[in-house]
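**Q** Would you mind keeping the following structure in view while I ask a few things?
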Amino acid sequence: MFGFRFPRFLERLSLHMVATGLVVLVLVLLAGISATSSPAMARAFPEVLPLPDGFAPEGIAIGRGTTFYVGSLVDGAIYAGDLRTGEGAILVPGDPDRVAVGLDVDERSNYLFVSGHMTGQAYVYDAGSGALLATYQLADPADGDTFINDVIVTHDAAYFTDSFRPYIYRVPLGPAGRLPDAGAVEAIELTGEFQFQAGGFNVNGIAATPDGEWLIVVNSSFGTLYRVDPATGYADEIDLGGDTVERGDGILLHGSTLYVVQNFFNQIAVIELEPDLLSGTIVDVLDTGDAPFRIPTTVDRFGGALYVVNARFDTPVAPDVEYEVVRVVP
């Protein structure tokens, strides 16, 4: 008996149909797996991450992996926790001569930079061991009131804000984030369109573009945002079309989106910025998540979610006062 064979083009067509069918089947299966696993993955991260009672938190920074850090206004202690489990412990013990406000992590070196409040100082810790690596005197309290409030680390420097003086402070960083000597601090005066209110609470949160070309700061007194040239301190006000971000505290830049925590308003303004950073539009206001805001101060981002510190400034600090970080999906 003679065997039967498809013409060559039909053989190729049949093989193509089989391969295409397998690809479609695989894609369907993957989509099913993704659909069933995504809610479980989202639930793996708790909505509330408790902090020690009486801790009086303010700043937050997310470092390597799922580790987050929060500083204490009481004694400068640093708490390190895990976003996935919600568990943690004190990494840096408290010191009565220190205060911890804003924080940021340089993931190249795994160094944790901390703003030192009215001490006029900044501290750098090893984010793994908690060892103190350096102390920088950014401003001298003997020369007048100072409030070192927030910090952002770029590829070549760490920049700190001062809420009581019209300055930002630059600590230059070497290759791979190498720390400089104590005398390397540079005070950069904010000029241009920047408005300063003597006796008021001025520059607070700070962010930077990924290339470090521009800084963004918020003035809490006026509710204004500024694009700042880090080389000169020249500031251009960011036009929000007549809107303001009064009570602006910590800020976070993610792509073209700027998140501004408005502490006593218990909300976060979501701003879409134009490419030149000279104007933007408030497109949303986040006023709660699954867990309520209780005077939020600072914010960081991981895995599409925001993590916000509830500082509870409306409640006197006491050993039994509860504090937490809350997770919000914008």
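**Q** Out of (1) in contact with a strand residue (DSSP E or B) (Cβ under 6 Å, 6 or more places away or on another chain); (2) open to solvent by 10 Å² or more (accessible area, probe 1.4 Å); (3) not in a loop (DSSP other than H, G, I, E, B), the odd one out for PRO180 is which?
**A** (3)
**Q** Filter the range 183-203 down to the residues that are among the β-branched types (Val, Ile, Thr) and outside any loop (DSSP other than H, G, I, E, B) and list them by number. Spell out the reasoning first.
**A** Going residue by residue through the range 183-203, those that are among the β-branched types (Val, Ile, Thr) are 185, 188, 191, 203.
Listed by number, the residues that qualify are ILE188, THR191, VAL203.
**Q** Do we find that ASP236 is farther than 21 Å from ASP106 by Cα and open to solvent by 70 Å² or more (accessible area, probe 1.4 Å) in this structure? Even if it seems obvious, please write down each step before you answer.
**A** Working: farther than 21 Å from ASP106 by Cα: yes; open to solvent by 70 Å² or more (accessible area, probe 1.4 Å): no.
Here the answer is no, as ASP236 does not meet what is asked.
**Q** Applying the selection to the range 183-203, what residues are over 16 Å from ALA122 (Cβ atoms) and open to solvent by 20 Å² or more (accessible area, probe 1.4 Å)? If you could, list the steps in order and put the result at the bottom.
**A** Just the residues of the range 183-203 that are over 16 Å from ALA122 (Cβ atoms), to begin with: 189-202.
Answer for the range 183-203, where residues must be over 16 Å from ALA122 (Cβ atoms) and open to solvent by 20 Å² or more (accessible area, probe 1.4 Å): GLU189, THR191, GLY192, GLU193, PHE194, GLN195, PHE196, GLN197, ALA198, GLY199, PHE201.
**Q** Out of the range 118-137, which residues are among the small types (Gly, Ala, Ser) and in a loop (DSSP other than H, G, I, E, B)?
**A** Here is the first cut: in the range 118-137, the ones among the small types (Gly, Ala, Ser) are 120, 122, 127-131, 134.
Residues satisfying the conditions are GLY120, ALA127, GLY128, SER129, GLY130, ALA131.
**Q** Tell me, yes or no, whether the range 304-315 has at least one residue that is hydroxyl-bearing (Ser, Thr, Tyr) and surrounded by fewer than 21 Cβ atoms within 10 Å (Cβ to Cβ).
**A** Step one: of the range 304-315, the residues hydroxyl-bearing (Ser, Thr, Tyr) are 307, 315.
Subset that is surrounded by fewer than 21 Cβ atoms within 10 Å (Cβ to Cβ): 315.
The answer is yes; a qualifying residue exists.
**Q** Could you figure out which of (1) part of a loop (DSSP other than H, G, I, E, B); (2) buried (at least 22 other Cβ atoms within 10 Å of the Cβ); (3) of a type in the set (A, V, I, L, M) isn't true of ILE206?
**A** So the condition that ILE206 fails would be (1).
**Q** Looking at the structure I just gave you, is TYR79 touching a Pro at 6+ places or on another chain (Cβ under 7 Å), surrounded by 21 or more Cβ atoms within 10 Å (Cβ to Cβ) and closer than 21 Å to GLY212 by Cα?
**A** It is false that TYR79 is touching a Pro at 6+ places or on another chain (Cβ under 7 Å), surrounded by 21 or more Cβ atoms within 10 Å (Cβ to Cβ) and closer than 21 Å to GLY212 by Cα.
**Q** Shifting gears a bit: For the range 258-273, state whether one or more residues are of a type outside the set (Lys, Arg), open to solvent by 40 Å² or more (accessible area, probe 1.4 Å) and within 20 Å of LEU215 (Cα to Cα). Reasoning before the result, please.
**A** Filtering the range 258-273 for residues of a type outside the set (Lys, Arg) gives 258-273.
Checking the rest, the ones that are also open to solvent by 40 Å² or more (accessible area, probe 1.4 Å) come to 264-267, 272.
Add one more test, that the residue is within 20 Å of LEU215 (Cα to Cα), and what stays is 272.
Yes - at least one qualifying residue is present in the range 258-273.
**Q** Counting only residues that are among the hydrophobic types (A, V, I, L, M, F, W, C), free of Cβ contacts under 8 Å to residues at least 60 places away in the same chain and not in a loop (DSSP other than H, G, I, E, B), how many does the range 266-291 have?
**A** Counting residues in the range 266-291 that are among the hydrophobic types (A, V, I, L, M, F, W, C), free of Cβ contacts under 8 Å to residues at least 60 places away in the same chain and not in a loop (DSSP other than H, G, I, E, B) gives 7.
**Q** Let me ask something additional. Among the residues of the range 103-117, is any more than 20 Å from ALA207 (Cα to Cα), over 17 Å from the mean Cα position of the chain (by Cα) and part of a loop (DSSP other than H, G, I, E, B)?
**A** No, every residue in the range 103-117 fails to be more than 20 Å from ALA207 (Cα to Cα), over 17 Å from the mean Cα position of the chain (by Cα) and part of a loop (DSSP other than H, G, I, E, B).
**Q** Determine which single condition PHE164 fails, assuming it passes every other condition in (1) assigned to a loop (DSSP other than H, G, I, E, B); (2) open to solvent by less than 20 Å² (accessible area, probe 1.4 Å); (3) in contact with a Ser or Thr (Cβ under 6 Å, 6 or more places away or on another chain); (4) under 25 Å from ASP229 (Cα atoms).
**A** (2)
**Q** Those residues that are assigned to a loop (DSSP other than H, G, I, E, B) and either free of Cβ contacts under 8 Å to residues at least 12 places away in the same chain or within 19 Å of TYR234 (Cα to Cα) (or both), I need them from the range 167-177; list them, please.
**A** Matches in the range 167-177: GLY174 only.
The values are calculated or read from the model by the stated rules, or taken from the named source; none is laboratory data. These numbers were taken from a predicted model, which means no experiment stands behind them. Using ideal geometry, Cβ is built from the backbone for each residue, glycine included, and neighbour counts are taken over all protein chains shown. Remember, those area values only see protein heavy atoms, side chains included, never the ligands or the DNA or RNA. Shrake-Rupley method; radii C 1.70, N 1.55, O 1.52, S 1.80 Å.
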